[in-house]
Structures are given as structure tokens and as C-alpha cells.
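Notes to accompany the following structure.
No lab work stands behind these numbers, since they all come straight from the coordinates. These figures come from a predicted structure and were not determined experimentally.
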Amino acid sequence: MRKRLFITVLLAVFFWSHSKTQDVIKQVPCTNEFILHQADSLKQLFSKNGFIVVKEATMTMESEYEMPVIVPLTQGSWYQFVFIGDITSKLYEVRMFDWNERQVVYQKNMWGDVDGNIISYSYIPQSTEYHMIKPVQVNKKKKKGLCGYVMLLKRVK
């Protein structure tokens, strides 16, 4: 009897903990040489204009699902945000929200646009607080495992 109770409790704990881990969005790095080359070119361009990289990351994304990125921003500082999506995607969007969940930036690119798979914008926050940036891309084949890249730069000169 004790053995059955022990096994039942053990299975219940396993299934409970397994179900809880599925609700978590995890940022998993990825490698895409084309995207990394684009990122390096943009870093060089922005550094010539007085910007330094504050944060950068590659992330594995799923088509049509936002990948939230939270960043602390300082009032009055000039920031440049860059999102680079998989070249095979047909739509790229970035929304940025302030601490009060008010949308402060919205950018959208389509596959055939001049900027293509890169969304870049400047932003000067009105107050020092955390902001949430939500990039998303829609792929033609609705596939998982899309590579995305985010970079936050700050003007120092």
C-alpha cells in the first residue's frame, strides 16, 4: 500500500512539474551566419555614429510568436534598437511597450521591403524604466527554429 502511494505521489509531482515548465518562454540561442554578418555590419555602422552595444542576443523563434525582451532604459538617453529576422520569413514586426504597458513603438517590414529582414529604430525614453520589446516574424512555412537577433545600442558621443 505504501509503495503504491509513494509511486502515485511521485508521478503526480513529475506531471505537475512537467506541466509548469511548458508555460515558460525560454530564450534559446541560435546560429545563422547571414544574420551574424548583418549584425556585425550594423555594429560597425552605429559605432561610427557614437553608439555602443548595450545588449545583444540571438534567439530561436517560432513563426507568429512574439519573443519578449525586457531592457532597462535611462531617461533622455538615445537608444537604437535592431531586430534581424530569418531571411525566409515574409513578415517582421517589433512592438515596444513602456512600464505602463503603453505601446511606444511599432515597426513592420514585409519580405520585399527595402529594409527586408531588418527592423531598426531610434528611441529616447521619457523616463527611466524598464521597457518590453516584442519582436515577431511570420515564416512562409510556419516553421519552428527561426533564428532572430536583437541588439540594443546607446549613443555615448
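The Kirkwood radius of the range 25-155, taken over pairs of alpha-carbon atoms, gives through the Stokes-Einstein law at 37 °C and 0.692 mPa s a diffusion coefficient of 221 µm² s⁻¹.
State which entries of Lys43/Lys157; Lys134/Lys157; Lys108/Lys154; Lys48/Lys108; Lys55/Lys143; Lys55/Lys134 exceed 20 angstrom in Cα-Cα distance in the structure shown. Table pairs above 20 Å Cα-Cα are Lys134/Lys157; Lys108/Lys154; Lys48/Lys108; Lys55/Lys143.
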